[in-house]
Amino acid sequence: MIVILRPDIGDESPEFKQILGYLSNKPNLQTRLHREVGELRSVTEIYLIGDTQALDRIEIEALPGVERVVRISEEYRVVGRHKDDGRPNGFEYNGVRFSQDSLNVFAGLCAVDTREHVEAMFKALRDRKQTCTRMGAYKPRTNPYSFQGHGKSCLPWVFELAGKYGIKVVSMEITHDSHLDEIRQALESAGRPTGVMLQIGTRNTQNFELLKAVGRQREFPVLLKRGFGITLEESLNAAEYVASEGNGMIVFGLRGMKSNLGDPHRNFVDFAQVPVVKRLTRLPVCIDPSHSVGSRERAPDGLLDVFHVTAQGVIAGANMVLADFHPAPQTALVDGPQAMTLDELPAYLDDIAIARDAYERRRLAAVPS
Ligand code: PEP
Ligand code: MN
């Protein structure tokens, strides 16, 4: 059960104390506070865990300061979409809105290599009025002898260049909670020229201590990718781990599943689940066509497979696209074979716009239930 307080009720108010006092008298009941930060208003929510069956919803709703009480029967207490829920979805970070209605493209390098390549990427993005990107500094690699990313040493110049080219959000994977402090410090020293979305990769979807660490901080939003070998339910519970620690700024990422049934793609493309995740949760949904397809194969119609797959996710209502680009893919240190070139960026963005427009039209044409 969730007790949603009126927006004007703060932690110090007599109403708040009265509500907590009332709840503390109930047997076998724990409370957990959660602050939901919306675009227009922020509200405090009290999550009730334990013996909630005996509670009288009407009686709690009658307490001063309570706006509404939502009984949760389904899973995913915080990130879930519940009956008569009406809670806001999405968040704003560094001037960029993320919700189940928005669409943001994060084209960029899988792994940061040279300053020249990073700058060329940012320049191409600025020329196309893009304000988001992906940049990997910490790379989780299958082979211990493969390039592991430049780590913290590249952060100062990557952030400085991002600011120079008007980038507002850099999606960057972290594989250890110490990376969080390194990113925070580098941003601070550079004078906060840009923002960072912390990416939790598919290999860490069930690294519960890392999930809790990114959930405890409220500064950076989190892009949580689904685990490539676990169920959707298990991956959504991973998102719930982050949210239950207090950070509700989460985007859920689909990136394909490890299965030979997906051959010849690197992973079995799972973008049919975009609307499913939007139905089960209030999270914006990201697609990663690059790591799903894993190549630059082209269909006979002239379009790269990665274009086709992107369009499939966008026409189904995806809210974010994470895509690998590189100015010289043959020299890329990670995932060169799947990277699109900077020359392909304009056509890629145009193709996304076509698919988005088709999605909007499909939505308008939907028969109301
Ligand atoms: C990535 O986006 O660079 C990456 C490693 O993705 P994933 O965790 O989905 O494999
Ligand atoms: Mn990659």
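What follows draws every value from the coordinates through simple rules; no lab data is involved. A quick note: this is a predicted structure, and the numbers were derived from the prediction, not measured. Note: ideal-geometry Cβ built from the backbone for every residue, glycine included; neighbour counts use all protein chains shown.
Odds and ends about this structure:
- For segment 4-80, the list of GluC sites (Glu not before Pro) that fall in a loop by DSSP and count at most 10 other C-beta atoms within 10 angstrom reads E12, E74.
- When only alpha carbons are used to place a centre, segment 248-263 and segment 48-88 end up 31 Å from one another.
- Of the chymotrypsin sites (Phe, Trp or Tyr not before Pro) in segment 122-188, those whose Cβ has at most 15 other Cβ within 10 Å and which sit in DSSP loop: Y145, F147
- Modelled FRET efficiency - R0 35 Å, D301 with A366, Cβ distances, 0.05 increments: 0.80
- Subset of K164/K278; K139/K212; K139/K168; K83/K258; K129/K225; K123/K278 violating a 28 Å alpha-carbon distance limit: K164/K278; K83/K258; K123/K278
- Stretch gain in nm, segment E61-Q217, where the contour uses 0.36 nm per residue and the Cα spacing is subtracted: 53.1 nm
- Model label zone, K152; criterion: amide N under 18 Å from point 7 Å along Cα-to-beta-carbon; scope segment 166-189: 172-189
- Mean sequence separation of contacting Cα pairs (under 8 Å, at least six apart), scaled by the length of segment 130-270, corresponds to a relative contact order of 18 percent.
- Taking other residues whose beta carbon is less than 10 angstrom from the beta carbon of S292, and scoring Lys, Arg as +1 and Asp, Glu as -1, yields -1.
- If the convex hull is drawn through the Cα atoms of segment 5-93, its volume per residue in Å³: 103 Å³
- Low-density loop positions, trypsin sites (Lys or Arg not before Pro), segment 256-307 - DSSP coil, at most 10 other Cβ in 10 Å: none
- Counting neighbouring beta carbons within 10 Å and listing from fewest to most, the residues V105, V367 come out as V367, V105.
- Across the chain, the relative contact order, built from alpha-carbon pairs under 8 Å that are at least six residues apart, equals 15 percent.
- P(r) histogram, all alpha-carbon pairs of the chain included - 20 Å bins from 0, percent: 28, 55, 16, 1
- Contact order, relative form, for segment 2-88: 35 percent (alpha carbon pairs under 8 Å, 6 or more residues apart, mean separation divided by residue count).
- Distance in nm between pseudo-label sites at T142 and I354 (7 Å out along the Cβ direction from Cα): 3.3 nm
- Whether segment 75-154 is rounded, prolate or oblate, judged on the alpha carbon gyration tensor where a/c under 1.5 counts as rounded: oblate
- Protection proxy ranking of 342-349, 354-361 - average other beta-carbon atoms within 10 Å, highest first: 342-349, 354-361
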